[in-house]
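Working notes, structure below.
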Amino acid sequence: MVIAPKIRGFICTTAHPIGCAKHVAEQIEVVRSRGPIANGPQKVLVIGSSTGYGLSSRIAAAFGCNAATLGVFFERGSENGRTATAGWYNSAAFEHEAKAAGLYARSLNGDAFSDELKQQVIAAIREDLGQVDAIVYSLASPRRADPKTGEVFKSVLKPIGASYTNKNLNTSTGEVNEVTLEAAQGDDIAQTVAVMGGQDWEWWIEALLEAGVVAQGAWTVAYSYIGPEVTWPIYKNGTIGKAKEDLERAQHALDQKLVAIGGKAWVSVNKALVTQASSAIPVVPLYISLLYRAMKPEGTHEDTIEQMDRLFRERLCNGAPQPDEAGRIRVDDWEMAPALQALLSERWDSVNTENLPELGDLDGYQKSFLRLFGFGLDGVDYAADVEPDVAVPSLA
């Protein structure tokens, strides 16, 4: 079948297997071009390994550190003439590339919030690796079922205390308009914290420690975002911000639990990028468009793979994590440079539909979005018939 992008709102309902494979290969080449990562982990579990920062973490670990990787995700294969999800194709491509490089790679597909999948992962570690020396937690989901009670929680993107109105970008039309978000009500905050906070990360590490599959000196990292003041009402000071605060609470709690094995827990604050998660957050796409336009000419723009390579190479593996006053690793440092943020603040005040082509990078935003699903990559014949049924080798 000929596969074309079908965009519905902030998601693409199709994915291109060859394009996804090309995207994975390009990320691998970025890491390889920078040489081996010294002192890297050798057996890595990535929870949420199929897209975005999680996928790039797995690539950095495998092709930078020469590590065996076990990936966990919740993706769908092709069925009834529909393409698989991009994460499925990414994972298939990663495993093929890892095998070609002589690297161990195994994947488990299912609900990472469930106790059942945690036990499956523990069994796989015991069977194949013995122990892991690094655990990356990079789950992004709109909902979570509590494995102990069965209660289903749903996250919301809302400000706290009062409604919020600001500029927004329609990434399909290029129109700069306004969006108003109503304030959180009832248990919106608690629901969002339950989905996107640190409880599940804690439960993962506790289960792994109890099973004895975490190596002496192991570290774990989870990902967060803070961003500029213009996004704070919807992000840092909104419902999602409360979840990120809970992630930091979990990091401190896990630090105490890992002391016994000489381990460490980190929260890494990463750069604003086009991901499947960020595209759903109002206001943020316009900010990202302005950010790309400002950073690319400076040569400081990074995508997920450059970010994760730098995180592993310069912070997690070389003994110089450079934490901030709250103990967080900041690889959003180039984004948050004061001079750049002053420029972005000025441009935010003046940006409109007419001057967006000058001040923003809508084309770059749209291309980055399509690349997430395997579209728009050089060297791929998108007019050719493609077999959508691709197997993830370790799941076959």
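FYI, it's all coordinate maths here, none of it is from the lab. As the structure is a computational prediction, the values presented were derived from the model and not from experiment. Positions of Cβ are generated from backbone atoms using ideal geometry, with glycine treated the same way; all protein chains shown enter the neighbour counts.
If you average the C-alpha positions of segment 235-286 and of segment 27-69 separately, how far apart do those two centres end up, in angstrom?
Cα centroid to Cα centroid, the span is 20 Å.
Of 343, 290, 45, how do they rank once you tally other Cβ atoms within 10 Å and put the fewest first?
The fewest-first ordering by Cβ neighbours comes to 343, 290, 45.
Per-residue ellipticity at 222 nm for the chain, helices alone: DSSP H runs ≥ 4 residues times -39500 (n - 2.57), over residue total, nearest 500 deg cm²/dmol?
Taken over the chain, the calculation gives -11500 deg cm²/dmol.
Have a look at the DSSP beta bridges in segment 165-306 and tell me what percent are antiparallel, nearest 5.
Percent antiparallel among DSSP bridges in segment 165-306 is about 50.
Under a GNM of the chain (C-alpha, springs under 10 Å), which listed residue has the highest mean-square fluctuation: 266, 204, 348?
In this elastic network of the chain, the residue with the biggest mean-square fluctuation among 266, 204, 348 is 348.
Contact order normalised by length for the chain, with contacts defined as Cα pairs under 8 Å and 6 or more residues apart; what percent is it?
Once normalised by length, the contact order is 24 percent.
Would you mind ranking 160, 59, 329 by Cβ crowding within 10 Å, fewest neighbours first? It would help to have the intermediate numbers written out before the result.
Details: 160 16, 59 29, 329 22.
Fewest to most other Cβ atoms nearby, the residues stand as 160, 329, 59.
Any idea how far the Cα center of segment 151-197 sits from the one of segment 290-307, in Å?
Here the two parts' Cα centres lie 26 Å apart.
Would you mind classifying segment 46-122 by shape? Square roots of the alpha carbon gyration tensor eigenvalues, ordered a ≥ b ≥ c; an a/c under 1.5 is rounded, otherwise it is prolate if a/b is larger than b/c and oblate if not.
Oblate shape, in that a/c is at least 1.5 and b/c is the bigger or equal ratio.
If you average the C-alpha positions of segment 345-359 and of segment 117-139 separately, how far apart do those two centres end up, in angstrom?
47
Under the rule a/c < 1.5 gives rounded, and otherwise a/b versus b/c splits prolate from oblate, where does segment 1-148 land using the Cα gyration tensor?
Since a/c reaches 1.5 but b/c is at least a/b, the shape of segment 1-148 is classed as oblate.
Of 219, 232, 88, how do they rank once you tally other Cβ atoms within 10 Å and put the fewest first?
Ranking 219, 232, 88 by Cβ neighbours within 10 Å, fewest first, gives 232, 219, 88.
Which residue fluctuates most in the GNM of the chain (Cα springs below 10 Å): 66, 318, 237?
318
Rounded to the nearest 5, what % of the DSSP beta bridges within the chain are antiparallel ones?
Antiparallel bridges: around 30 percent, rounded to the nearest 5.
Can you return the lysines within cross-link range of residue 99? Criterion is Cα-Cα under 23 Å, with same-chain partners fewer than 8 residues away left out.
Hits, sequence-local ones excluded: 22, 43.
Please state the relative contact order of segment 64-203 as a whole percent: Cα pairs under 8 Å, 6+ residues apart?
The value is 18 percent.
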